[in-house]
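Taken together, the values in this text are just the output of simple stated rules run on the coordinates, not laboratory data. Keep in mind it's a predicted model, so treat the numbers as computed, not measured. Backbone-built Cβ (ideal geometry, glycine too); neighbour counts: all protein chains shown.
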């Protein structure tokens, strides 16, 4: 770890670096007779069901535990059930208490697990409303990472709260992990209908925004009524939703798609930037971060469960001199030509956890049959922005424009450190102070990124400052 704000670069030994990328230890299932009541154990899986009773019914699942959460074994129970009675001692998702709960013995171990680091990680800058994906550098200690994709996003709206808290809908900063993907997700309360429901006629989905009328008028065609007769938005979570943990400390703020079709591209994202739209309505999210549907489908394709998501509120710059009209030296190819991804959106896997991706190559490889108007909803090509371009602070732009670099208007003096968008690293970064910003920036997530920066994200003081 590197304490936030400290100068210089810490160097990891080659052995430590190698060990940090070892595939996580997979413990063999322990026999019940070898379990010791009153002993502390660690969770080995990701998203292990926690139950309220000695039943394996889906109805009694009250939460989930994740790798290296710590539990106390209270009772082994009988051999007729795989469950054991436990008490949560330390968890990123469930508040420790004396409550007795049940988990499967197959996901506990006496040994703490070595955390696996995936090929990619994500940094979302709430200040600039940008989502960027990086390929993790493992060739040497302290090496810069490589950005492979960036896209615009919409963050939690800052203008209104829930009555008691004016900042209730702001997106939290911090470190989270993807625990599952849901295809055509709907909220638990059913207020927002899914973009598509299994068995639904495709022609009943609202039409694309691109069909000729103004974006605002077209967006209104996606308004509907929920089961209680309240006005709502059809398909608000888009094609895919990535659920994050720790859920509670991140205020259940997922990453998801939005209304509209693939052919609408980012119209529904840019729609939220308009001055008139922000006068007539409040198009921001309730805390989740949303991207266009092609982008969320691409993220679903490349980001597996367990992917690290880091949310920052930072000034952006680069490690080398930057010009919007010239390529960065490491990204000359990406500046000259965008990447391209072929996708096919099918009804297969609708409304299911980790449902089928939309990657055309995978669909063909697995010989999944599809027919237009049958199980094929839409297909197309998505042009990937793979050249990192920092967003500068610009007080002449409105906060809602996506161009100000300060969505929650904390003021330049409250930014601490820099985000190097070309390297996926942070220089002397600290999250903005909660009190100094009047509660505008809220920190949540895993402990390692609340008051410190993970070593692999920390860079030295060398960065470019525009003149």
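Extending 7 Å from Cα along the Cβ direction at residue 203 and again at residue 364 yields two label points whose distance is 3.0 nm.
Look at where the Cα atoms of segment 364-423 and of segment 140-198 average out, and the two centres are 12 Å apart.
Shape summary: segment 87-131 maps onto an equivalent ellipsoid whose semi-axes, from the alpha-carbon gyration tensor, are 32, 18, 9 Å in decreasing order.
Across all directions, the average projected area of the convex hull around the alpha carbons of segment 259-403 is 11.9 nm².
The spread of Cα positions in the chain, taken along each principal axis and listed from longest to shortest, comes to 66, 59, 51 Å. Dividing the convex hull volume of the alpha-carbon atoms in segment 32-109 by its residue count gives 76 Å³ per residue. The separation of segment 227-264 from segment 288-333, counted between C-alpha centres, amounts to 20 Å. Taking a cut-off of 21 Å, what percent of all Cα-Cα pairs in segment 34-167 are separated by more than that? Roughly 59 percent, once rounded to a whole number.
Computed across segment 112-232, the Kirkwood hydrodynamic radius from all distinct Cα-Cα pairs reaches 18.8 Å. One equal scatterer on each Cα of segment 345-415, no solvent, Debye formula: the resulting log10 I(q)/I(0) at q = 0.11, 0.29 Å⁻¹ is -0.57, -1.34. You can think of it this way: the chain between residue 228 and residue 79 has 49.1 nm of extra reach, that is 0.36 nm per residue less the Cα-Cα gap. Measuring spread by the Cα atoms of segment 389-467 yields a radius of gyration and Dmax of 13.4, 37 Å.
Between residue 137 and residue 58, the FRET efficiency from the beta-carbon distance, with R0 = 30 Å, is close to 0.15. Extent of segment 222-334 along its three principal axes (Cα atoms, max minus min coordinate, largest first): 55, 37, 27 Å.
Relative contact order of the chain, please, whole-number percent, based on alpha carbon pairs below 8 angstrom and at least 6 residues apart. Rounded, it is 19 percent for the chain.
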